[in-house]
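Only the coordinates and a few stated rules stand behind these numbers; no lab work does. Please read all numbers here as calculations on a predicted model, not as lab measurements.
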Amino acid sequence: MYTCDKGTALDQCNATTGKLACRVKPVYGDAGHPAIQNTRFSEPGFIAIPDCFWGKAENGLEPPLNLTDVPLHVVKKCNATEGHYGEMSGGQPWVIV
């Protein structure tokens, strides 16, 4: 996810003009990654897409970004060469107050 300066037209906000705010990489179920061990995503054919989280320092998080009136550019790349499960909502932003 890239953030652009306030006032940037949406069609001008992209990976070149914006600042990288969040990048996630999939965790493959059969890779033995400790973050998904013994979960439904630890099976071959599944992937887990970690989310970017901001929040309170007491929860071990970085402070939230102020995105009021800030244009965003989100890039999602996926490969359908091999069948897999778990990425249906990848790239979907959520705001919890």
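Determine ³J(HN,Hα), in whole Hz, for all residues of region 22-28 in sequence, where each value follows from phi through the Karplus function 6.51 cos²θ - 1.76 cosθ + 1.60 and θ = phi - 60°; x replaces Gly and Pro.
Values per residue, Gly and Pro as x: 7, 9, 10, 10, x, 10, 7 Hz.
Cross-link candidates for Lys56: which lysines have Cα within less than 17 Å, leaving aside residues fewer than 8 places away along the same chain?
none
For region 63-75, what does the Karplus curve 6.51 cos²θ - 1.76 cosθ + 1.60, with θ = phi - 60°, yield as ³J(HN,Hα) per residue in whole Hz, taken in order and with x for Gly and Pro?
Karplus values, whole Hz, x for Gly and Pro: x, x, 7, 8, 9, 4, 6, 9, x, 10, 10, 10, 10.
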